Structures are given as C-alpha cells and as structure tokens.
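Notes for the one structure printed next.
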Amino acid sequence: MIVTRAELSANGIPKTTIDNRCRRGTYTRLLPGVYSTDTPDSITRCRAIAAWLPQALLSHRTAAWLQGMSPTDPTLFEATAPKHLYRKTPPWLHLYRRNLPDGWATETQDLPITHPALTLLDCLTVLPRPAAEAMIDEHLGRTVSPTDALRLSHSNVPGRTTFSRHLREAATRAASDPERLFTRALKQRGLTLLSNHPVGQYICDLVDERSYTIIEIDGREFHSAPAVFRQDRRRQNDLILAGWLVLRYAASDVYRSLDRCADEAATVIKRRRRRYRGH
C-alpha cells in the first residue's frame, strides 16, 4: 500500500516517527514524501508515481505494460508530466516533460495513463524497431483502435509522421511471425497483399489478385510430415493449374535473408501486374 507524508501527518504521525519507520524498514521510501508499507512491486511503484506527481500520466513502456501490450514488468518506469514541471527522479523512474493534446489520457486500475494509441506512438520512440513493429502488428485493431490511431496520426503530436508510416506498413492479419515480417517488407516496397486469403478451396498465406501471385511461407515443423508434404504438392498443383504463380519461401530464409526474398517477390509481382494490366 502507498501512503504519503501528508496522509501520515494528518493522522498525527510526526516526522521523526516516519523517519524511524523508514530506518527500521516498516516503510520503504519510493519518492519524496511517498512510502510503501509493503515490499514494493511494479504496480506499487506506479501508484507511488501517481501519488507523488498527480499531474503526470504513466506512459511509454509502463503504460504498455499496464494496458497488456508488454508482457514483462518494467524495470525502468516512465511517466509524462506537463512541460513546466521539473522533478529530480530516482534511477528507476524517467519523467518526460511535454504538453499532451487534450483527449489522450485515460485510466486503468485507477491510475492515470496515456491513451492506448498514444502509448503505441510513444513506444516507437523508445523500443528497438523490431520490437516496436511487432507491438503495432499485434495490438493495432485489438488493444488499440485503428480509428484512434489514425486520428492521432493526423494530430499535432510529435512523432506523428513516423507513426503514420508504421500504420501504413502494419501487418495485423499475419498468422505467423515470418508472414508478418514478409508482409511488412512488401508494404515497404509499395505492395499490399491479402493475408490468409481464400483462393478456391485453399487459404493462402499472401495473395496478390492483380498479378495472380501467391506467396507461401513454409516452416519445417508444419510441412515436413509425409502426409503434409503430399498435400502441399497437390495444393500447389491445383493452384498452378488454376493460373496462379506460387512463390514459396522457407521461414528460415525469411529470417536470414528477408530483403533478398522480398526483393525477389516484389520484382515478380510488379512484372506480372504489368502483364495482367487491362486483362
């Protein structure tokens, strides 16, 4: 539980008693005038930040954790306060100072927090690019409303240009990580394919209807069994006989040589689109 010096003083507990309890370990001082009566965990630290600086919003990776977009407890806690406020912080807390546009604050577990769309934008600035892209692909349309994300990208918030590009390149319907990476790589090359799309009786990984091209990403664990191997051959023959070109890439090659695979597929698709134009 979090208690403040003001609350303790209001209950008649003098400063010397508070200090003695801190020395004995009855209280753990987390922030100036803010104490925990138990061993502090992550949520306790979040509550301590809110008690210490009520004008602040928990943000960035801390907000992502609270909103279920990050599976691991934060080691560095992050919050955003109005630009005119300055506070010296302990090593476990980073305070961003900026004025946020109206309407991008919310609450979770009675804690003030940035709106999910803003949390996603903020994480782009602090996460490595692969982790940021994976977060967008997993949570856009689930935790984060696409409408809210688009509205934020059209606001005056810093980082909106990069955010807009990530929204355009998002791969939200991929069934596996290699498919997600391939979808993004093709979007970066100006090609948007349909993910997990039906072609006749089959569901195909990536489909371009304009060029009659299908891309299949094969993982060994899903395609090495004899029965599966035979079914794959029948499936491929059916698609080819129906006029489709089927490009197949091993998941391991996607991980090792994504640009080479995507360049090859993009070249083929663009060439076939030109051939089928007007047909």
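Straight-line reach from residue 88: which lysines have a Cα under 28 Å away, not including same-chain ones fewer than 8 places off?
Partners within reach: 15.
Region 160-208 to region 6-52: how many Å between their Cα centroids?
When both Cα centres are located, 50 Å separates them.
Any idea what the relative contact order of region 41-169 is, in percent, if you count C-alpha pairs under 8 Å spaced at least 6 apart?
22 percent
Of [x] 86, 44, 29; [y] 51, 50, 40; [z] 50, 46, 36, which one was derived for Cα extents along the principal axes in Å from the structure shown?
It is the value labelled [x].
How would you rank 36, 9, going from fewest to most other Cβ atoms within 10 Å of each one's own Cβ?
9, 36
Given the rule -39500 (n - 2.57) for each run of at least 4 DSSP H residues, summed and divided by the residues of the chain, what is its mean residue ellipticity at 222 nm, to the nearest 500 deg cm²/dmol?
Computed mean residue ellipticity for the chain: -14000 deg cm²/dmol.
Give the order of 187, 15, 88 when sorted by the count of other beta carbons within 10 angstrom, beginning with the fewest.
Listed from fewest to most nearby Cβ atoms, that is 88, 15, 187.
Tell me which lysines have Cα within less than 28 Å of residue 187's Cα, excluding those fewer than 8 residues away on the same chain?
Candidates past the 8-residue exclusion: 270.
Quick one: among 129, 233, 45, which has the greatest mean-square fluctuation in a GNM of the chain with alpha-carbon springs under 10 angstrom?
Judging by the Gaussian network model, the answer is 233.
Sequence gap at least 6, Cα distance under 8 Å: using those rules, report the relative contact order of region 177-276 to the nearest whole percent.
Rounded, it is 30 percent for region 177-276.
Starting with the fewest neighbours, write out 271, 235 ranked by other beta-carbon atoms found within 10 Å of each beta-carbon.
271, 235
Please compute the contact order of the chain in relative form: average sequence separation of alpha-carbon pairs under 8 Å and at least six residues apart, divided by the residue count, as a percent.
Relative contact order, the chain: 10 percent.
Among the aspartates and glutamates, select those whose C-alpha is under 15 Å from the C-alpha of residue 83, and discard any that sit fewer than 8 residues away in the same chain.
Once the sequence-local aspartates and glutamates are set aside, what remains near residue 83 is 102.
Every number here is computed from the coordinates shown, using simple stated rules; none is lab data. Source: prediction; values computed, not measured. Reconstructed Cβ throughout: ideal geometry from the backbone, glycine too, with neighbour counts over all protein chains shown.
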